[in-house]
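Scroll down for the structure; my scribbles are underneath it.
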Amino acid sequence: MKKYFLYILILATSISCAKKEINIPVLAVKGVQEVHNHSIVWIFFSKENNKPIAQINRKNTISSTHWIYNIDKKLPLHTFIEDLKILKEKHANSIHSIEGMHDYFSYSDSTSSKLSFFEFDDVKFETDSLLSKHYIKKNSELYKNFNNINVTFNLNNIWINDGKFEKENFKILLQEFIEFSSEGKQTMLHLNFNNNLQYKNYLYYKTLINSICNETISTNTIEFVFNQEKVPDCGCE
């Protein structure tokens, strides 16, 4: 832990810990670039029986600091999402936790060649292979006053409600869909992520969605990270 946070980027995308290297995502997104009083969680990419696994090092984390998560960009979500839930819970609810301490994802900002951070304090991960459209149906009273739009990110396509779209020009298509469907209501986007997505793609989509949010467009704080083998209508082909 350091009181003033400063990284030297190796080849602009890699950072090191005890001779291990993490390749973090590279995004053309300006984020927070200074975090004082922080601890670091390292989540490394490894393989076991030729399958990717996450190796986590949080030995030096202190609950009374901000936590920065350095996660290898190649890791599929399913390799670390449950651990991420546990770590967020520990950070928020430890007897030593302090109000105002945040959780951040790290990435390299290609526009400034600086390490940057994306806050995700409010996110709650739903990993029981439930899609947002089913959740909304079960909790209809909570969302009845919103223009609810379900967005599902798969490996090869993206769904907006019941329509499948290619990844190209997705942001423009989503903005047009919101404008067409809102009818004066506040729009709430409900995000679903295939748990086979690599972390780099997850964070890219997160920052893309964040870039269109404003006073009339928000996101559900619950994110649905699903196993496609358990969700027959995920459009995962």
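The values are calculated or read from the model by the stated rules, or taken from the named source; none is laboratory data. Note that the structure is predicted; figures quoted are calculated from it, not measured. Cβ sites come from the backbone with ideal geometry, for glycine too, and all protein chains shown count toward neighbours.
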When region 175-195 is checked residue by residue, the ones that are assigned to a helix (DSSP H, G or I) and either under 17 Å from the mean Cα position of the chain (by Cα) or under 23 Å from S140 (Cβ atoms) (or both) are F177, I178, F180, S181
So, restricting to strands (runs of 3 or more DSSP E) that lie completely within region 20-84, which ones have at least 1 residues that are more than 22 Å from S97 (Cβ to Cβ), in contact (Cβ under 8 Å) with a residue 40 or more places away in the chain and within 18 Å of the chain's Cα centre (by Cα)? 20-23
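Which members of region 142-178 meet the condition of being acidic (D, E) and either touching a Leu at 6+ places or on another chain (Cβ under 6 Å) or within 19 Å of E223 (Cα to Cα) (or both)?
D162
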Could you check region 88-122 and list, in sequence order, the residues that are surrounded by fewer than 13 Cβ atoms within 10 Å (Cβ to Cβ) and touching a Pro at 6+ places or on another chain (Cβ under 9 Å)? none
Per the filter on region 157-174, residues within 20 Å of the chain's Cα centre (by Cα) and in a helix (DSSP H, G or I) are F170, K171, L174
What are the residues in region 93-118 that are under 14 Å from S39 (Cα atoms) and either at pLDDT 95 or above or in contact with an Asp or Glu (Cβ under 8 Å, 6 or more places away or on another chain) (or both), if any? H102, D103, Y104, F105, S106, F117
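A quick yes/no check of all residues on (1) in the same structural domain as F226 (by TED's automatic domain parsing); (2) crowded, with 19+ Cβ neighbours inside 10 Å; (3) at pLDDT 95 or above:
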site	(1), (2), (3)
N50	no, no, no
Q55	no, no, yes
R58	no, no, no
I62	no, no, no
W67	no, yes, yes
I71	no, yes, yes
P76	no, yes, yes
T79	no, yes, yes
L84	no, yes, yes
Considering region 184-207 alone, what residues qualify as being closer than 18 Å to Y104 by Cβ and either in contact with an Asp or Glu (Cβ under 7 Å, 6 or more places away or on another chain) or not charged (D, E, K, R) (or both)? Y199, Y202, L203, Y204, Y205, T207
Taking into account only those residues within region 123-132 that are at pLDDT 95 or above and surrounded by 15 or more Cβ atoms within 10 Å (Cβ to Cβ), which is nearest to H36 (Cα to Cα)? V123
Out of N145, N154, report the one residue that is under 21 Å from the mean Cα position of the chain (by Cα) and either more than 21 Å from V231 (Cα to Cα) or buried (at least 17 other Cβ atoms within 10 Å of the Cβ) (or both). N154
Pair list, Cβ < 6 Å and 6+ apart or interchain, from region 157-181 residues that are closer than 17 Å to S132 by Cβ to residues that are of a type in the set (K, R) and assigned to a strand (DSSP E or B): N157/K164
Before we move on, is I15 at pLDDT 85 or above and surrounded by 13 or more Cβ atoms within 10 Å (Cβ to Cβ)? no
